[in-house]
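K.L.:
This is the structure I have questions about; it appears just below.
The values are calculated or read from the model by the stated rules, or taken from the named source; none is laboratory data. On a predicted model such as this, the values are computed, not experimentally measured, just so you know. Because the Cβ atoms are built from the backbone with ideal geometry, glycine has one as well, and the counts that use them run over all protein chains shown. Note: accessible area is taken over every heavy atom of the protein model, side chains too, but ligands, DNA and RNA are not part of it. Shrake-Rupley method; radii C 1.70, N 1.55, O 1.52, S 1.80 Å.
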Amino acid sequence: MGSEATALDALKTEIPLEDDGDLVLTSEIASGRAVGLVLVDIVNGFCTVGAGNLAPVEPNKQIATMVEEAAKLAKVFCDRNWPVYAFLDTHYPDKPEHPYPPHCIIGSGEEKLVPALQWLENDPNATIRCKNCIDGYLGSMEKDGSNTFADWVKRNEIKVVLVVGICTDICVLDFVCSILSARNIGQVPPLEDVVVYSRGCATYDLPIRVSRNIEGALAHPQELLHHIGLYMAKGRGAKVVHRVSLGSSEDA
């Protein structure tokens, strides 16, 4: 733990992550910039202790905080009829996702939203999208070439997308990078900004002392990769914020 903390401090010195300020939801709405909330893979198979091969083996503070923040935001958005789009990582047993072990197999329960968010499945304000790949933008493609995420953005006239979920450096990062590229070439109008909420994101923890005993596994120190994921998202053009509020100093 000491070596990881030292490495994290050194990393933050070399690649500091500057805050882009608060995201004040009511200010965005009042200025005519509709905000849409995207939840990435906040499912049992990644977040609920002991739920599967890629779930935490013990309670994890970063993941628990992410779930709590995502649930609060989802409630705020749905109470105000602001648009919500939720990705559910979902796989068939005969279609593995290399290099990862079997996870979120359809019918296993791993692919379901965590208990704190299960109510979203019946909320008319939420669009639920099962995806069978890491990148949610690719996972939103239909056979006819349309894209359900792009359609959601256009239908709701969304100019700001607020992203939360897991894993910061994998599914969240891939999705963020893809929609930024799509925005740059005019594929997701009228999208202008992509905002990543740092406390609303998390990644998994696989210390090197554990990965050494798993054939083919790569070490994945949680705090280091969380920081790198946020840094990479910012480098690609996303805004990274550490606080989301409704205005008047009220946290969302």
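K.L.:
Considering every residue within region 96-110, establish whether at least one is at pLDDT 95 or above and in contact with a strand residue (DSSP E or B) (Cβ under 8 Å, 6 or more places away or on another chain).
P.N.:
no
K.L.:
Say we look at region 119-145 and pick out the residues that are polar (S, T, N, Q) and more than 16 Å from LEU37 (Cα to Cα); which of these is surrounded by the fewest Cβ atoms within 10 Å (Cβ to Cβ)?
P.N.:
Checking each candidate, the answer is ASN122.
K.L.:
If only one of GLY52, GLY45 is within 22 Å of ARG199 (Cα to Cα), modelled with pLDDT under 95, in contact with an Asp or Glu (Cβ under 7 Å, 6 or more places away or on another chain) and of a type in the set (Gly, Ala, Ser), which one is it?
P.N.:
From the options GLY52, GLY45, the qualifying one is GLY45.
K.L.:
Can you tell me which residue within region 197-208, out of those that are at pLDDT 95 or above and in a strand (DSSP E or B), is nearest to PRO59 (Cα to Cα)? Give the steps one after another, and end with the answer.
P.N.:
Here is the first cut: in region 197-208, the ones at pLDDT 95 or above are 197-203.
The next check asks that each one be in a strand (DSSP E or B); those that pass are 197-202.
Numbers: TYR197: 21, SER198: 19, ARG199: 17, GLY200: 17, CYS201: 16, ALA202: 13 Å.
It comes out as ALA202.
K.L.:
Taking interchain pairs and intrachain pairs at least six residues apart, which have beta carbon atoms under 9 angstrom, with the first residue in region 85-100 and under 18 Å from ALA55 (Cβ atoms) and free of Cβ contacts under 8 Å to residues at least 24 places away in the same chain and the second open to solvent by 10 Å² or more (accessible area, probe 1.4 Å) and in a strand (DSSP E or B)?
P.N.:
That search, which allows pairs on different chains as well, returns PRO93/ILE105.
K.L.:
Condition test on GLU97, is it surrounded by fewer than 13 Cβ atoms within 10 Å (Cβ to Cβ), more than 27 Å from HIS242 (Cα to Cα) and under 19 Å from the mean Cα position of the chain (by Cα)?
P.N.:
So GLU97 fails the test.
K.L.:
Right, ASP144: in a helix (DSSP H, G or I), at negative phi and not hydrophobic (A, V, I, L, M, F, W, C) or not?
P.N.:
no
K.L.:
Can you tell me how many residues in region 179-232 are aromatic (Phe, Trp, Tyr) and open to solvent by less than 70 Å² (accessible area, probe 1.4 Å)?
P.N.:
Matching residues across region 179-232 total 2.
K.L.:
Where in region 1-113 are there helices (runs of 4 or more DSSP H), lying wholly inside it, with at least 1 residues that are under 19 Å from GLY200 (Cα atoms)?
P.N.:
Per the criteria, 25-30, 44-47, 61-79.
K.L.:
A follow-up question, please. Tally time: how many residues in region 155-196 are assigned to a strand (DSSP E or B), within 30 Å of THR48 (Cβ to Cβ) and not hydrophobic (A, V, I, L, M, F, W, C)?
P.N.:
Selection size over region 155-196: 1.
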